[in-house]
Each structure stands twice: as structure tokens, then as C-alpha cells.
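Report on the structure given below.
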Amino acid sequence: MTDAFKTHAATEMGLRFRFRWAVLAAWYEQLRARSASVRPETGVLLDQARSDIDSKSFTDRLPGTLGSVEGALAQAERSRPDDQIAYWMDLLLAAMKQSLDLDRLLGEPAVEAAYRQVAVAEDRAN
């Protein structure tokens, strides 16, 4: 495996992690705005994931952390009478596809705003 291929693979992986984090962060904020009961550690886990993404630390911990956040948000969403889980799961799926649908992802203003947070950190790191 060449260094150029490894760099490209890491960049693609980082992009997916940034979009997945952005969807989860937007969902978290949306649930809080709807006064949903979200586990207190969820915000801490989101911060940890963002820190890992910002430092390009794509270890086994990152997918596990993001999975824990997703589980907590899904649980909080299911407890709401105005359940929007299908909408957010659809966005998460779009964030993890091989071919990202940027129009779909960035068409959600909250996702776009969250993505800009991690994209700015990426720009600063380069």
C-alpha cells in the first residue's frame, strides 16, 4: 500500500467521521431544544469524538464513541411523542455511504452548522 493511498484512505475516513459527528451533534442539539431526556454523558462523548476527529485519531475508540452517542440519541428520540428517528437515521446513513450525498447532508441547516465546526478545525490543522 503506497503512502498516497494511505493518505487518501485516511482523508476519506476522516470525512465520513466528520459528517457522522455533525449529524449526531445536530440531532443532539435538536433533542435538547425539544426538551428530550438525553443521557448526561452524551455531550461528553460528543466532545471526545470531536477531539479525536480534530486530532485525526481514527482508532477503534472513535467508532465506539460515536455508536454510544447514536444509541443514546435513538433512545431519547424513541421516548418522544414526536419521534423523528427515521429522519435522523436516514441522515446518518447518508453520512456513512461510500459516495456522500453532500446536498442531502448539508441541506439540513443544523448538520451544516455542526459540520462547519469540525471542518474549521480541519482547516486549522492543515
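Side notes on the structure shown:
- Hits in region 80-104 (condition: modelled with pLDDT under 90 and either under 28 Å from Ser35 (Cα atoms) or in a helix (DSSP H, G or I) (or both)): Arg80, Pro81, Asp82, Asp83, Met96, Leu102, Asp103, Arg104
- Failed item, numbered, when Val44 is tested on (1) free of Cβ contacts under 8 Å to residues at least 40 places away in the same chain; (2) among the β-branched types (Val, Ile, Thr); (3) in contact with a helix residue (DSSP H, G or I) (Cβ under 9 Å, 6 or more places away or on another chain); (4) over 13 Å from Ala26 (Cα atoms): (3)
- Candidate set from region 41-63 (those that are in a helix (DSSP H, G or I) and more than 18 Å from Phe19 (Cβ to Cβ)); member that is farthest from the chain's Cα centre (by Cα): Glu41
- Screening region 56-77 for residues that are touching a residue at least 24 places away in the same chain (Cβ under 8 Å) and over 18 Å from Trp88 (Cβ atoms) and picking the one that is surrounded by the most Cβ atoms within 10 Å (Cβ to Cβ) gives Leu62.
Table: residues versus (1) modelled with pLDDT under 90; (2) farther than 20 Å from Arg104 by Cα; (3) among the hydrophobic types (A, V, I, L, M, F, W, C).
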position	(1), (2), (3)
Arg20	no, no, no
Val23	no, no, yes
Ala26	no, no, yes
Arg50	no, yes, no
Thr65	no, yes, no
Leu73	no, yes, yes
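- Evaluation of Ala36 against the conditions (1) touching an Asp or Glu at 6+ places or on another chain (Cβ under 9 Å); (2) in a helix (DSSP H, G or I); (3) hydrophobic (A, V, I, L, M, F, W, C) shows that the sole unmet condition is (2).
The values are calculated or read from the model by the stated rules, or taken from the named source; none is laboratory data. What you see is a predicted model, and the numbers here were worked out from it, not measured in a lab. Positions of Cβ are generated from backbone atoms using ideal geometry, with glycine treated the same way; all protein chains shown enter the neighbour counts.
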